[in-house]
């Protein structure tokens with residue numbers, strides 16, 4: 001799975017524009033000491049790293065130094081993921097609502113034919129730099145809403161907070177967010193006697209959500225192992241490991257606009273349906289750097305390290321999210337008394353996006 005993920009990311013960064021190819025520079029390690037062979041060891045290290053740099057350069061020569069479609073997709077996926085712990089299917093409550101939840105947003109050309117799209121792109125390399133693929137997980141969100149009819153009849157106001165920090169394998173990210181939400185019950189609830197069916201009316205929602213995502217993705221490059229020889233004698237054996245590091249700094253503002261209706265059936269099953277749009281502002285800042293390490297086996301005592309191996313690669317750029325993101329919303333929920341469990345799903349038909357979530361809450 002990790003190899004597949006790394007391969008896909010490399011493909012996305014690849015384009016047919018050698019004029020703007022990524023410039024990667026390797027710095028070899030160096031040794032000092034009083035031994036007469038130190039200079040020869042350093043010369044061999046320089047040659048090995050020069051050869052390794054050429055090999056890696058052939059691998060990276062088609063990388064687009066500023067893949068705007070890729071960067072913009074990450075910014076837009078941040079907008080898609082911004083509405084975690086949503087309460088949109090439970091409008092019209094009497095006092096307050098508290099919800100906790102997770103939400104993940106993804107922008108992908110075809111969710112149900114993702115591998116097929118990758119195979120097509122393998123045969124059309126010139127399209128890779130234009131691939132819009134991005135994702136954003138919002139794992140911990142909380143929202144509290146209040147019935148503020150004392151300010152305006154049928155008005156509900158709320159506060160949303162989110163934070164998550166994770167480092168696992170090649171990916172590390174943190175995602176704090178904060179927002180204010182407002183809902184207005186345009187059409188009131190209608191209840192069938194005995195509580196068999198409750199129509200929650202039509203609720204209009206809006207808000208302003210700020211989200212900051214810092215994401216780092218490490219992409220391992222081919223390693224190399226080679227011996228340092230002198231007069232037929234192996235002085236030491238060196239293994240070179242290197243990787244590229246993709247950094248995304250996403251700062252987005254989302255204005256969700258929603259019209260939602262829902263039904264509660266048999267007192268416990270909740271079905272919701274809605275139409276709306278997410279307005280996205282801000283940007284994603286993409287930077288590509290790297291590092292390299294050289295590990296030596298059976299290193300002689302007379303060789304004293306004076307310089308570590310290094311890799312330098314600096315490039316990138318900024319792209320904004322899609323401004324207008326039409327969305328179709330649905331959700332399946334269950335309730336036992338004031339406790340709810342909801343599974344919201346959103347489809348962005350124009351922007352090839354989706355979000356999926358789960359919400360646990362308490363509504364009075």
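Is at least one residue of region 181-194 crowded, with 16+ Cβ neighbours inside 10 Å, in a loop (DSSP other than H, G, I, E, B), free of Cβ contacts under 8 Å to residues at least 40 places away in the same chain and in contact with a strand residue (DSSP E or B) (Cβ under 9 Å, 6 or more places away or on another chain)?
There is no residue in region 181-194 that is crowded, with 16+ Cβ neighbours inside 10 Å, in a loop (DSSP other than H, G, I, E, B), free of Cβ contacts under 8 Å to residues at least 40 places away in the same chain and in contact with a strand residue (DSSP E or B) (Cβ under 9 Å, 6 or more places away or on another chain).
So, of the residues in region 65-85 that are assigned to a loop (DSSP other than H, G, I, E, B) and surrounded by fewer than 24 Cβ atoms within 10 Å (Cβ to Cβ), which turns out to be modelled with the highest pLDDT?
Looking at the filtered set, the residue picked out is 66.
Checking the conditions here, which among 26, 31, 49 is at pLDDT 80 or above and assigned to a helix (DSSP H, G or I)?
Going through 26, 31, 49 in turn, the sole match is 49.
With the requirement that a residue be within 29 Å of the chain's Cα centre (by Cα), more than 22 Å from residue 257 (Cβ to Cβ) and modelled with pLDDT of 90 or more, what does region 168-204 give you?
174, 175, 176
So which strands (runs of 3 or more DSSP E) stay within region 262-364 end to end and still have 2 or more residues that are touching a helix residue (DSSP H, G or I) at 6+ places or on another chain (Cβ under 6 Å)?
Qualifying strands (runs of 3 or more DSSP E): 269-297, 353-363.
Please go through (1) on the phi > 0 side of the Ramachandran plot; (2) surrounded by 14 or more Cβ atoms within 10 Å (Cβ to Cβ) for residue 142 and return the number of the only condition it doesn't satisfy.
Unmet condition: (1).
Suppose we keep only residues that are modelled with pLDDT of 95 or more and surrounded by 19 or more Cβ atoms within 10 Å (Cβ to Cβ) within region 205-221. Which one would you say is farthest from the chain's Cα centre (by Cα)?
Among residues in region 205-221 that are modelled with pLDDT of 95 or more and surrounded by 19 or more Cβ atoms within 10 Å (Cβ to Cβ), the one farthest from the chain's Cα centre (by Cα) is 205.
The values are calculated or read from the model by the stated rules, or taken from the named source; none is laboratory data. Treat the numbers as computed from the prediction; the structure is a model and nothing was measured. Counting neighbours? That spans all protein chains shown, and the Cβs are built from the backbone with ideal geometry, glycine included.
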